[in-house]
Amino acid sequence: MSVTTGREIHLVRRPVGEPVPEDFATLEAPVAPPAAGQVLVRNDWLSVDPYMRGRMNDVKSYVPAFALGQAMEGAAVGTVIESADEAVPVGATVLHMAGWREYATLPAAAVRVVDPELAPAQAYLGVLGTTGLTAYAGLVEVAPVKEGDVVFVSGAAGAVGSVAGQIAKRLGAARVIGSAGGPDKTARLTSEFGYDAAVDYRRGELEQQLKQAAPEGIDVYFDNVGGDHLRAAIARLRVGGRVALCGAISQYNAAEPVPGPDNLALAIGKRLTLRGFIVTDHMHLAKQWIPQAARWLREGELRTEETVVEGIESSVEAFLGLLRGANTGKMLIRLP
Ligand code: NDP
């Protein structure tokens with residue numbers, strides 16, 4: 001019997017500061033059968049990502065704001081259950097942007113068929129998807145790591161950061177330092193994610209901790225956090241240092257303008273390069289990254305982690321948890 005309705009998550013109010021469950025609503029909505037050139041997908045995995053917080057604000061950005069009273073968008077992987085396009089058959093595993101819902105009727109051109117033999121389907125939302133590629137692009141093209149560099153990565157136990165340290169090592173970094181929140185996560189940075197040293201920013205004295213971990217300074221900083229982390233990195237960068245400005249999660253819930261690092265003038269004397277980037281400008285690297293990462297995964301050479309919550313009814317909680325650090329590695333929602 002064909003599916004006629006499915007649950008979807010709407011943004012119903014723009015959050016001010018930290019989002020709360022009341023900013024969202026779960027609705028049962030009609031599911032259209034696929035017209036010619038379309039497919040009907042049952043979502044198996046949904047991704048929640050920090051950038052979605054920015055889309056909840058009504059501001060102009062590199063991606064449009066979420067509309068109120070409509071299903072939100074986001075990356076998802078699912079199975080085609082009905083097809084009216086011969087290029088995408090029933091049973092295909094597909095990656096697309098109609099997440100935050102159980103079912104999606106989409107043009108075949110809006111989905112990408114992925115190979116679940118190469119890696120588990122949900123890996124296309126994490127290490128083989130934009131999060132893995134973000135780490136790779138940042139360290140290969142934006143703030144390129146050179147042989148012998150000392151590299152610092154913030155948000156190091158998260159989806160991007162847990163992979164970034166391992167990539168930096170493979171690119172020849174002599175020493176890789178990660179920062180994360182709390183003793184459990186920082187322990188895992190060194191025991192599992194290939195970091196040589198870990199900094200627990202929740203203990204405070206970030207700059208001091210970084211100085212201890214990298215007494216000679218750092219050459220590359222991969223910034224997922226902004227704020228105090230960016231300030232500490234600028235203080236510790238050596239002459240010619242490079243910064244990949246990837247994210248600033250410490251500021252995403254800020255309700256007031258946030259001051260910039262007060263030591264930015266150090267960038268002049270140290271001849272620093274601070275470069276912001278968006279992964280979608282580096283998609284050409286996917287051809288290199290996906291087969292290489294899939295091989296490393298198969299051979300047990302790349303360690304990844306997932307935090308999985310069950311059921312669409314848990315997706316808001318998963319997103320709110322992501323902003324507070326409830327995840328290690330990629331935060332995912334599995335649909336039954
Ligand atoms: P993560 O898996 O890293 O999850 C977010 C993590 O941020 C949490 O687990 C938490 O870890 C940490 N965090 C939350 N608040 C703070 C804070 N105030 N200070 C320090 N850490 C904090 O998410 P992703 O790996 O998906 O994304 C990481 C970063 O990369 C984000 O900033 C994101 O916006 C950015 N990004 C940018 C892309 C681009 O194209 N430029 C593409 C993809 C991601 P903890 O417990 O350690 O605090």
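The values are calculated or read from the model by the stated rules, or taken from the named source; none is laboratory data. Remember, it's a predicted structure, so these values are computed and weren't measured experimentally. Here the Cβ positions follow ideal geometry from the backbone for every residue, glycine too, while neighbour counts run over all protein chains shown. These accessible areas exclude ligands, DNA and RNA; they are computed on the full protein's heavy atoms, side chains included. Shrake-Rupley method; radii C 1.70, N 1.55, O 1.52, S 1.80 Å.
Things worth noting here:
- Unique residue being touching a strand residue (DSSP E or B) at 6+ places or on another chain (Cβ under 8 Å), exposed (fewer than 15 other Cβ atoms within 10 Å of the Cβ) and acidic (Asp, Glu) when the list is Glu301, Glu310: Glu310
- Out of Val59, Val41, sole residue that is without any contact (Cβ under 8 Å) to a residue 24 or more places away in the chain and closer than 25 Å to Thr131 by Cβ: Val59
- In the stretch 321-331, the residues that are closer than 13 Å to Arg53 by Cβ and open to solvent by 10 Å² or more (accessible area, probe 1.4 Å): Leu322, Leu323, Arg324
- If the condition is being over 22 Å from Glu256 (Cβ atoms) and in contact with a Pro (Cβ under 7 Å, 6 or more places away or on another chain), then the stretch 9-23 contributes no residue at all.
- Residues within the stretch 154-169 that are near the ligand (Cβ under 7 Å from one of its atoms) and open to solvent by 20 Å² or more (accessible area, probe 1.4 Å), tallied: 3
- Those strands (runs of 3 or more DSSP E) lying entirely in the stretch 190-296 with at least 2 residues more than 13 Å from the ligand (Cβ to nearest atom), out of contact with any helix residue (DSSP H, G or I) (no Cβ under 8 Å at 6 or more places or on another chain) and assigned by TED's automatic domain parsing to the domain that holds Ala180: 237-245
- Those residues of the stretch 12-47 which are open to solvent by 20 Å² or more (accessible area, probe 1.4 Å) and polar (S, T, N, Q), in sequence order: Thr26, Gln38
- Condition met for Glu86 (under 17 Å from Ala32 (Cβ atoms) and of a type outside the set (A, V, I, L, M)): no
- Test result for Val90, of a type outside the set (Asp, Glu), more than 25 Å from Ala25 (Cβ to Cβ) and loosely packed, with under 15 Cβ neighbours inside 10 Å: yes
- Count - residues of the stretch 170-208 that are open to solvent by less than 40 Å² (accessible area, probe 1.4 Å) and not small (Gly, Ala, Ser): 10
- When Arg334, Arg275, Arg242 are checked against the criterion of being more than 30 Å from Asp184 (Cβ to Cβ), open to solvent by 70 Å² or more (accessible area, probe 1.4 Å) and touching a strand residue (DSSP E or B) at 6+ places or on another chain (Cβ under 8 Å), a single residue qualifies: Arg275.
- Any chance Pro215 is at negative phi and modelled with pLDDT under 95: no
- Scoring Ser61 on the criteria (1) in contact with a helix residue (DSSP H, G or I) (Cβ under 8 Å, 6 or more places away or on another chain); (2) hydroxyl-bearing (Ser, Thr, Tyr); (3) open to solvent by less than 30 Å² (accessible area, probe 1.4 Å) leaves a single failure, condition (3).
- Matching residues in the stretch 151-181 - criterion: being more than 20 Å from the chain's Cα centre (by Cα) and either in contact (Cβ under 8 Å) with a residue 40 or more places away in the chain or in the same structural domain as Asn327 (by TED's automatic domain parsing) (or both): Ala173
- Filtering Pro261, Pro291 for residues that are surrounded by 12 or more Cβ atoms within 10 Å (Cβ to Cβ), of a type outside the set (Gly, Ala, Ser) and farther than 19 Å from Thr131 by Cβ leaves a single hit, Pro261.
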